[in-house]
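Before anything else, here's the structure in question.
The values are calculated or read from the model by the stated rules, or taken from the named source; none is laboratory data. Just so we're clear, the structure is a prediction, and the values are computed from it rather than from any experiment. All Cβ positions, even for glycine, are placed from backbone atoms using ideal geometry, and neighbour counts span all protein chains on display.
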Amino acid sequence: MKEYQCTADIDGLLAWYDKERRILPWRENPTPYHVWISEIMLQQTRVEAVKAYYARFLAELPDIRALAEVEEDRLLKLWEGLGYYSRARNLKKAALQVMEDCGGRMPASSSALLKLSGIGPYTAAAIASIAFHERIPAIDGNLMRIFSRMTGYGQDVKTDAAKKEAKDWYLGFFPKDRPGDANQALMDLGAMVCVPNGKPACGKCPWAEDCLAHRDGRETFLPVTAPKKARKIQERTILLLRRGEPGRREYAIRKRPDRGLLAGLYEFPGLEETLGEEAVLRRVQEMGYVPLGIHAAGEAKHIFSHMEWHMTGFIIDIAPPADPEEDSRPGTEGAVFFAGVKELEERWSLPSAFSRYMEAVKRAD
């Protein structure tokens, strides 16, 4: 650790935080539940995008008991648009654990919090420090970036060894009286000043005089990370199968498998290739429908962490079934069923990957 010694004025950082901190809804009443929900939502999601989801989520699920009892389809609908839906499922699993094993009260230490589904070292430290005042740094990308620049750490910051170095460094000056504020000050410093992309705003930084990267003009060279692997590209044709009269139209959706990408969510049926109109009509017939007409619904791209979907969509009008009893029912993996636009908006959770086609459906209706 001696190689990475660097002074850091925690009092100066906290004074800066008291003046410059972001006003965020979950900070105004930092109960363990509020901190937990906000921290899970903030994973892989921008702060401004989270605010509305957080308010809507708490309005319907105000406490741990409500979260434990909510039906999965409703939970996923509340989460719709935030992505990484396993986070929502783990919230419910953890809520059930808290109700069954902890008497309905969140564990008060980071070590105990780590036993809950979906809570890793960062989230456990954030909840424990902010809600329970445990003296522990919440090591995330912001804290790793600040550590690297302050100390001149030139190795890959995503390794376990780097995270241990950073934790030890922060513990060297972390306060006993305001550990939660210290973590939130570092979060704000990383989001507002010591930013990840482009040149940081060193002129506004309370730690600029002690920062080795700033002293050496190496702010944009640190932190060091291993190059990302190229994302796989998958071509898809999205089928917006439509039946019924204008104003009462229904669209086909189906539930995705319970494992894998977008597990257990609902989607417009699709084919894993790019097809033109004639080929689409043949496929629709092979699915057992009678196509009556087709028109393009546009192209779209959605980026996941490890792949990209390049999509082409079509609205296909189909004849109603000869026997309405033949319709599949919701909730069965892979089974196609039909729902109106209002029901699609309010009940079934279609991930943001299909937002371009949900908009096309609403316009066409």
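Could you go through segment 111-122 and let me know if any residue there is in contact with an Asp or Glu (Cβ under 6 Å, 6 or more places away or on another chain), modelled with pLDDT of 95 or more and part of a helix (DSSP H, G or I).
Checked against the condition, which is being in contact with an Asp or Glu (Cβ under 6 Å, 6 or more places away or on another chain), modelled with pLDDT of 95 or more and part of a helix (DSSP H, G or I), segment 111-122 yields at least one hit.
Cβ-Cβ distance below 8 Å, separation of 6 or more or different chains: which pairs start in segment 274-288 with a residue that is closer than 15 Å to G298 by Cβ and end on one that is in a helix (DSSP H, G or I)?
As it stands, the answer is L275/R283, since those pairs meet every condition given.
Among residues belonging to segment 260-312 that are part of a loop (DSSP other than H, G, I, E, B), among the hydrophobic types (A, V, I, L, M, F, W, C) and in contact with a strand residue (DSSP E or B) (Cβ under 7 Å, 6 or more places away or on another chain), point out the one that is surrounded by the fewest Cβ atoms within 10 Å (Cβ to Cβ). Working first, answer last.
Quick first cut of segment 260-312, residues part of a loop (DSSP other than H, G, I, E, B) only: 260-265, 268-269, 272-276, 287-290, 304-306.
Subsequent filtering for residues that are among the hydrophobic types (A, V, I, L, M, F, W, C) retains 261-263, 265, 268, 275, 287, 290, 304.
In the following step, the residues that additionally are in contact with a strand residue (DSSP E or B) (Cβ under 7 Å, 6 or more places away or on another chain) were identified as 268, 275, 290.
Numbers: F268: 24, L275: 17, V290: 13.
Here the residue is V290.
With buried (at least 17 other Cβ atoms within 10 Å of the Cβ) and not in a helix (DSSP H, G or I) as the only criterion, which of P62, P107 stands out?
P107
Restricting to segment 334-365, and then to whatever is small (G, A, S) and surrounded by 15 or more Cβ atoms within 10 Å (Cβ to Cβ), can you tell me which residue is farthest from E60 (Cα to Cα)? Walk me through how you get there before you give the answer.
The initial filter retains those residues of segment 334-365 that are small (G, A, S), namely 334-335, 339-340, 349, 352-353, 355, 360, 364.
The next check asks that each one be surrounded by 15 or more Cβ atoms within 10 Å (Cβ to Cβ); those that pass are 339-340, 349, 353, 360, 364.
Values: A339: 24, G340: 24, S349: 16, A353: 25, A360: 29, A364: 31 Å.
Result: A364.
Let me ask something else about it. Just for segment 60-103: of the residues that are under 21 Å from P30 (Cα atoms) and among the basic types (K, R), which one is nearest to the chain's Cα centre (by Cα)?
Step by step, filter segment 60-103, then rank; the result is R87.
Find the residue count for segment 78-104, including only residues that are assigned to a helix (DSSP H, G or I) and under 21 Å from P62 (Cβ atoms).
Residues that pass the stated criteria total 16.
Additional query: Tell me, which residue of segment 237-251 that is within 17 Å of I316 (Cβ to Cβ), surrounded by fewer than 21 Cβ atoms within 10 Å (Cβ to Cβ) and touching a residue at least 40 places away in the same chain (Cβ under 8 Å) is nearest to the chain's Cα centre (by Cα)?
So, considering only residues that are within 17 Å of I316 (Cβ to Cβ), surrounded by fewer than 21 Cβ atoms within 10 Å (Cβ to Cβ) and touching a residue at least 40 places away in the same chain (Cβ under 8 Å), the one nearest to the chain's Cα centre (by Cα) is T237.
Would you call K228 in contact with a Lys or Arg (Cβ under 7 Å, 6 or more places away or on another chain), over 30 Å from E277 (Cβ atoms) and without any contact (Cβ under 8 Å) to a residue 60 or more places away in the chain?
No.
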